[in-house]
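Each remark here refers to the structure printed beneath this line.
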Amino acid sequence: MHTIVLATQKGGSGKSTLAIGLAVAARQAGYSVRLIETDPQGTLSNWQRRRSDAEPVVEPIYHASDIEPRLKMLADGGLQLAIVDTAAGLSATTTAAIRHADLCLIPARPSITDIEATTSTLSVARAWRRPFSFVLNQTPIRGQRIDNATDRLAEEAALDLADVLARPLIAMRNDHQDSLAAGLAVGEFAPNGKSASELRELWRWIESRLNLSAATGLSIAEEFPAATDMLPAVAALSSGDTTRPS
Ligand SMILES: Nc1ncnc2c1ncn2[C@@H]1O[C@H](COP(=O)(O)OP(=O)(O)O)[C@@H](O)[C@H]1O
Ligand SMILES: [Mg+2]
């Protein structure tokens with residue numbers, strides 16, 4: 001099983017929206033997916049109540065000590081992907097989730113306050129040596145603002161942006177809000193729209209970041225044991241060790 005955690009201190013940056021959009025994109029790509037809600041605000045549970053499809057199941061886990069055993073049970077049960085949505089701020093539950101993340105996704109709007117608010121999440125991901133990537137969300141369709149934001153994120157991470165900025169950037173569009181209001185994800189609400197296409201592409205980017213094979217859901221390490229030797233070097237790069245092999 002692979003665990004993706006969406007976390008950043010700032011509310012409104014798109015953690016819940018992206019968790020839902022990615023869960024449905026991954027399901028449409030053939031993965032078994034569970035959405036884990038750790039935010040007592042209940043955005044995901046409320047969304048599921050508006051929905052007729054029982055999948056993806058939303059499972060609330062509000063206590064930090066429940067995260068590890070529950071993720072282990074899901075993995076033992078054969079689940080392929082757990083997507084964990086977290087509350088704004090940095091709670092013990094969020095830290096526990098990040099600790100077990102195969103990838104920590106840090107959403108940020110292209111604003112200085114959102115970008116500054118990524119620092120504490122970044123510190124936790126680095127402390128536990130967990131891979132992380134920024135997702136720039138609610139970007140204007142074009143503009144200087146995006147270039148400034150990406151430069152700033154590169155400074156924060158002190159890494160080459162290609163490693164840590166997820167692609168594509170997710171533009172600000174009404175269908176994100178409209179789909180959630182209808183108990184859907186963008187990929188269901190407007191499957192042929194640009195937002196749905198961006199979310200599908202973002203899922204494919206994550207797949208390659210996680211070394212997932214779409215066909216089997218196995219990691220490269222599972223499929224090709226020899227590749228395991230290469231993984232520590234890749235992990236070092238993405239966990240904040242700025243000394244690169246030459
Ligand atoms: N790409 C986007 N375009 C338009 N609206 C968005 C986008 N992403 C998120 N939103 C909206 O922004 C608000 C905050 O998003 P949300 O996912 O609830 O953030 P968080 O979970 O980080 O607090 C919601 O109303 C959501 O519909
Ligand atoms: Mg939320």
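The values are calculated or read from the model by the stated rules, or taken from the named source; none is laboratory data. Model, not experiment: these values are computed from the prediction. Using ideal geometry, Cβ is built from the backbone for each residue, glycine included, and neighbour counts are taken over all protein chains shown.
Residues of region 37-48 include at least one that is among the small types (Gly, Ala, Ser), within 10 Å of ligand 2 (Cβ to nearest atom) and at pLDDT 95 or above.
Please state which one of Ala26, Ala82, Ala87 is closer than 22 Å to Ser120 by Cα, hydrophobic (A, V, I, L, M, F, W, C) and either without any contact (Cβ under 8 Å) to a residue 60 or more places away in the chain or surrounded by 15 or more Cβ atoms within 10 Å (Cβ to Cβ) (or both). Write out each step before concluding.
Numbers: Ala26 fails: closer than 22 Å to Ser120 by Cα; Ala82 fails: closer than 22 Å to Ser120 by Cα.
Just a single option satisfies the conditions, and that option is Ala87.
Would you mind stating whether Ser32 is away from ligand 1 (no atom under 16 Å from the Cβ) and surrounded by 14 or more Cβ atoms within 10 Å (Cβ to Cβ)? Spelling it out, Ser32 is indeed away from ligand 1 (no atom under 16 Å from the Cβ) and surrounded by 14 or more Cβ atoms within 10 Å (Cβ to Cβ). Pairs are defined by a Cβ separation below 8 Å, a sequence spacing of at least 6 or placement on different chains, a first member in region 130-141 that is closer than 13 Å to Met172 by Cα and assigned to a strand (DSSP E or B), and a second member that is modelled with pLDDT under 95 and among the hydroxyl-bearing types (Ser, Thr, Tyr); the pairs so defined are Leu136/Thr150. Of the residues making up region 49-93, those that are away from ligand 2 (no atom under 16 Å from the Cβ) and of a type in the set (A, V, I, L, M, F, W, C) are Ala54, Val57, Ala64, Ile67, Leu71, Met73, Leu74, Ala75, Leu79, Leu81, Ala82, Ala92.
If you check Ala117 against the conditions, is it under 19 Å from the mean Cα position of the chain (by Cα), surrounded by 14 or more Cβ atoms within 10 Å (Cβ to Cβ), of a type outside the set (S, T, N, Q) and within 15 Å of ligand 1 (Cβ to nearest atom)? Explain how you work it out, then say what you get.
Numbers: under 19 Å from the mean Cα position of the chain (by Cα): yes; surrounded by 14 or more Cβ atoms within 10 Å (Cβ to Cβ): yes; of a type outside the set (S, T, N, Q): yes; within 15 Å of ligand 1 (Cβ to nearest atom): yes.
Yes; evaluated as a whole, the condition is true for this residue.
Within region 161-206, being within 23 Å of Ala101 (Cβ to Cβ), acidic (Asp, Glu) and at pLDDT 95 or above holds for Glu198, Glu201. Residues in region 158-203 that are within 16 Å of ligand 2 (Cβ to nearest atom), hydrophobic (A, V, I, L, M, F, W, C) and surrounded by fewer than 16 Cβ atoms within 10 Å (Cβ to Cβ): Ala181 only.
Yes or no: region 8-28 includes at least one residue that is under 18 Å from Leu71 (Cα atoms), assigned to a loop (DSSP other than H, G, I, E, B) and either within 14 Å of ligand 2 (Cβ to nearest atom) or at pLDDT 95 or above (or both). No - not one qualifying residue is present in region 8-28. Take Thr95 and tell me if it is of a type in the set (Ser, Thr, Tyr) and in contact with a helix residue (DSSP H, G or I) (Cβ under 6 Å, 6 or more places away or on another chain). So Thr95 passes the test. Among the residues of region 63-97, those that are within 15 Å of ligand 1 (Cβ to nearest atom), in contact with a strand residue (DSSP E or B) (Cβ under 6 Å, 6 or more places away or on another chain) and among the aliphatic types (A, V, I, L, M) comprise Ile83, Val84, Ala97.
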